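Okay, structure first, notes after.
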Amino acid sequence: MQRNQLELLTPESWSSYELIDTGGFEKLERFGSFVLSRPEPQAIWPKSLPDADWQHRSHAVFKRDKGSQEKGDWVLRSAMDEKWFIPYRSNGLDLNFKLSLSSFKHVGIFPEQAVNWPYIHQKVKQLPVEKPRVLNLFAYTGAASLAARQAGADVTHVDAVRQVISWSRENMEASGLDNIRWVVEDALKFVRREVRRGNTYNGLILDPPAYGRGPEGEKWLLEEHLSELLQACAELLDRQNYFLIINLYSLGFSALILENLMRAHFGERPNTEFGELYLTDGFAKRLPLGVFYRFSSI
């Protein structure tokens, strides 16, 4: 039996974002006018630029708290805005994203995910449905939701953190969009309820973290709960007109593990792609930033 081959996907060139250098378990990035230095556990190779260049270029450097892999504080090296916006204009999309320095090293966007936004936009446009219903789970600040909405979808955006929902709403308004349905809830609890109600969606977008907490303290562990989530999603996905994207950023999950999970719950699907997402720095080093699996009826 012919099996799909692993693919490597990276976004097209994006003027508002640049991965300048990677190495020493860090990455140096430009978001619009500001350059940030952040931890990156996969960048185990040496830096290409000397430390002095990193320090000179960086507007802010993230320093982790002792004993924590994620939480910490930003150290400002030069003046910068508390929040700023960057545009994304490509493949028919015209979006704007608010960025800000958070205590978990994130800034409000995952640039490698830009490879999925035109895909979402295109699939929504191509589906032979007047207004495709799209569900975005673990939706964070909503770039995928905006891509679907700008293509004309009826979008439901689910995230467990109320402040993140507010951030997503700002992105929607900055992009000249409206009428996204916001849901502050544990993703697994929401999906279980939708299955009981008999609801279906033409598009499913999933970006589950390795671990997390719901708004009522619900515990999410990727290795424990992902299979149940996928089984419920298989029931939610429309039988005729559909697309699905899942991204995972967890060192314990390879693209082949994800392939096995998806085939177990969704079977053989047309137009299947799976593999790794990556970004290339200014010295041609390719930084892996998660695995993906996607398929569609068209």
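The values are calculated or read from the model by the stated rules, or taken from the named source; none is laboratory data. Given the structure is predicted, the values throughout are model-derived calculations rather than measurements. So basically every Cβ, Gly included, is an ideal-geometry build from the backbone, and we count neighbours across all protein chains shown. These area figures cover heavy atoms from the full protein model, side chains too; ligands, DNA and RNA do not enter into them. Shrake-Rupley method; radii C 1.70, N 1.55, O 1.52, S 1.80 Å.
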Return P(r) of the stretch 1-154 (all Cα-Cα pairs; 5 Å bins starting at 0; whole %; ordered from short to long distances).
-> 2, 8, 15, 17, 18, 15, 11, 7, 5, 2, 1, 0
Which aspartates and glutamates does LYS83 reach when only Cα atoms under 17 Å apart count, and residues fewer than 8 places away in its own chain are ignored?
-> GLU29, ASP73, GLU170, GLU173
Given LYS27/LYS66; LYS66/LYS105; LYS98/LYS123; LYS27/LYS105, which pairs have Cα atoms separated by over 23 Å?
-> LYS98/LYS123
With every protein chain in place, the accessible area of THR10 for a 1.4 Å probe, in Å² rounded to the nearest 10, comes to 50
Heavy-atom accessible area per residue, the stretch 107-223, 1.4 Å probe: how many Å²?
-> 40
So how much accessible area does ASP73 have, in Å² to the nearest 10, using a 1.4 Å probe?
-> 100
Tally up the carbon and sulfur contribution to the accessible surface of the chain as a whole percent, 1.4 Å probe, everything protein left in place.
-> 47
Roughly what angle does helix 162-174 make with the longest principal axis of the chain, taking Cα atoms, 0 to 90 degrees, to the nearest 10?
-> 90
For a label point 7 Å along the Cα-to-beta-carbon line of ARG169, residues of the stretch 71-99 with backbone N under 17 Å = 98
Using only protein heavy atoms and a 1.4 Å probe, report how much of PHE138 is accessible, in Å² to the nearest 10.
-> 30
Pairs of Cα atoms under 8 Å, at least six residues apart: use those to get the relative contact order of the stretch 69-191, whole percent.
-> 21
Please tell me the relative contact order of the chain in percent, rounded to the nearest whole number, where contacts are Cα pairs under 8 Å and at least six residues apart.
-> 17
Mind checking which of GLN240, LEU222, ASN271 is farthest towards the positive end of the stretch 191-298's charge dipole, using Cβ charges of +1 (Lys, Arg) and -1 (Asp, Glu) about the Cα centre?
-> GLN240
Largest first and rounded to whole Å, the semi-axes √(5λ) derived from the alpha carbon gyration tensor of the stretch 1-54 read 28, 17, 8
